[in-house]
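> Take a look at the following structure, please.
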Amino acid sequence: MIKNKFFLLIACFVISGCSSTKNNTVTKDNLSATDLLPYGRTAITNNQLELISSAVHFGFSFEGSACEIYASVPEWLDHNYIQYELDGVYQKRIKISKDQSGPIRLTVPGTSKHSIWIYKATEATTGPVFIEKISGKNIRSIANSNVPLIEFIGNSITCGAAADTSEVPCGSGVYHDQHNAYYAYGPRVARMLGAHYILSSVSGIGIYRTWNKLEPSMPQVYDKTDFQPAGSRHWDFTKYAPRIVSIALGTNDLSNGDGKSPRVPFDSTKFVNAYTSFVQFVKSKYPNAQIVLLNSPMVTGDRNILLQQCLNTIKTNIDKLYPSGKPIQLFSFQPMKARGCTGHPSVDDHALLADQLFPFLKNLLLH
């Protein structure tokens, strides 16, 4: 059983405009875990919705001045974060602690109808957030309208890790205290496009090795629901059918490591072979998706040239293997001097990355 649960009571400030969603036809005052319609990797665990992946999210509407979210973290996890959007406007992150008791109450006068989207701010390897139920007057689950879906596969950059220092400065707290998946480049550019999104990302991961050791690599964890190499739950890829799959890997393969663990030079042959096989796996799950390979804004100079040469080779390999399929697309970010923690992009840097990627993905969605 999950222990140390506490209740989040979120009241919604009246802000004009509602998201363009369609409502579930069932009207009631409570939504159970199975009533929610999430986007991203989740599971039903002990009758609760387990939010797993970065930026996994769900929406609901209600009437009145308040709604209650019954949320918790497992007892082994000190704290985690969700964030929320009210009537189409981002609000803030909310810290969920294992030792916090009683409800968090935010109320304002008013009886209007509102929409809320809840997002997990942190990545899968940080640990889950559990949602038992949500209460509110005439509350309904909402699902996004029939718009394109984009999956973003990547590393800590894609997670939005080390990006947000507004509450906990760099060098303080724990690693996920600066996570902000909502403001990562993928969710940003998807919102700009009017598209939905899911993030499949793990900090430190690469295509054949991590930033400071040999494993796990993305091919080893991608089919695991929680991205854990020893995970026993396998993800059901039939849940979603993305129009575009964006893959941004290579930063950590090219890393010099931590200076402590043994690190052999980057092996371009291993990289290309492993990446080619991984793209084949992705295509086997999403045969109709347009696959895009991205370079890294954190990889510069000769390493960026090498990375882009490898990506060109991977494109050639895949296009030959699937002559009747959609050709692989390549996109290159401009080099960036990151302003987040430990060399990662900041929240503002992610906005710049989204601006760069937007016209490219927009063109793909039009064709």
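The values are calculated or read from the model by the stated rules, or taken from the named source; none is laboratory data. Keep in mind that this is a model prediction, so the values were computed, not measured. Glycine also receives a Cβ, built like all others from the backbone with ideal geometry; neighbour counts cover every protein chain displayed. Just so you know, the surface numbers come from the protein's heavy atoms only, side chains and all, with ligands and any DNA or RNA stripped out. Shrake-Rupley method; radii C 1.70, N 1.55, O 1.52, S 1.80 Å.
> Looking only at the range 221-250, count every residue that is hydrophobic (A, V, I, L, M, F, W, C), touching a Ser or Thr at 6+ places or on another chain (Cβ under 7 Å) and open to solvent by less than 20 Å² (accessible area, probe 1.4 Å) and tell me the total.
Looking only at that region, the number is 2.
> Any idea which of Gly160, Gly136, Gly154 is touching a Cys at 6+ places or on another chain (Cβ under 8 Å) and of a type in the set (Gly, Ala, Ser)?
Among Gly160, Gly136, Gly154, only Gly136 is touching a Cys at 6+ places or on another chain (Cβ under 8 Å) and of a type in the set (Gly, Ala, Ser).
Per-residue answers, yes or no, for (1) crowded, with 24+ Cβ neighbours inside 10 Å; (2) assigned to a strand (DSSP E or B); (3) among the polar types (S, T, N, Q); (4) modelled with pLDDT of 95 or more:
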{"site": "Ile134", "(1), (2), (3), (4)": "yes, yes, no, no"}
{"site": "Ile139", "(1), (2), (3), (4)": "yes, yes, no, no"}
{"site": "Ala143", "(1), (2), (3), (4)": "no, yes, no, no"}
{"site": "Val147", "(1), (2), (3), (4)": "no, no, no, no"}
{"site": "Ala161", "(1), (2), (3), (4)": "yes, no, no, yes"}
{"site": "Asp164", "(1), (2), (3), (4)": "yes, no, no, yes"}
{"site": "Gly171", "(1), (2), (3), (4)": "no, no, no, yes"}
{"site": "Met192", "(1), (2), (3), (4)": "no, no, no, yes"}
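> Something else now. Tell me which residues, restricted to the range 245-295, are touching a strand residue (DSSP E or B) at 6+ places or on another chain (Cβ under 9 Å), in a helix (DSSP H, G or I) and touching a residue at least 60 places away in the same chain (Cβ under 8 Å).
Tyr275, Phe278, Val282, listed by residue number.
> Moving on to the next point. Looking only at the range 307-336, how many residues end up being in a helix (DSSP H, G or I) and either of a type outside the set (D, E, K, R) or open to solvent by less than 60 Å² (accessible area, probe 1.4 Å) (or both)?
Looking only at that region, the number is 14.
Residue-by-condition table, conditions (1) within 11 Å of the chain's Cα centre (by Cα); (2) within 17 Å of Val347 (Cα to Cα); (3) of a type in the set (Lys, Arg):
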| position | (1), (2), (3) |
| --- | --- |
| Gly160 | yes, yes, no |
| Asp164 | no, yes, no |
| Pro169 | no, yes, no |
| Gly173 | no, no, no |
| Ala181 | yes, yes, no |
| Gly186 | yes, yes, no |
| Arg191 | no, yes, yes |
| Ala195 | no, no, no |
| Ser200 | yes, no, no |
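> If a residue must be under 19 Å from Glu123 (Cβ atoms) and assigned to a loop (DSSP other than H, G, I, E, B), how many such residues does the range 45-79 contain?
Within the range 45-79, residues that are under 19 Å from Glu123 (Cβ atoms) and assigned to a loop (DSSP other than H, G, I, E, B) number 10.
> Residue check: is Asp253 modelled with pLDDT of 95 or more, acidic (Asp, Glu) and open to solvent by 30 Å² or more (accessible area, probe 1.4 Å)?
So Asp253 fails the test.
> Please give the number of the condition Val168 fails out of (1) in contact (Cβ under 8 Å) with a residue 40 or more places away in the chain; (2) farther than 30 Å from Asn363 by Cα.
Unmet for Val168, out of (1) in contact (Cβ under 8 Å) with a residue 40 or more places away in the chain; (2) farther than 30 Å from Asn363 by Cα: (1).
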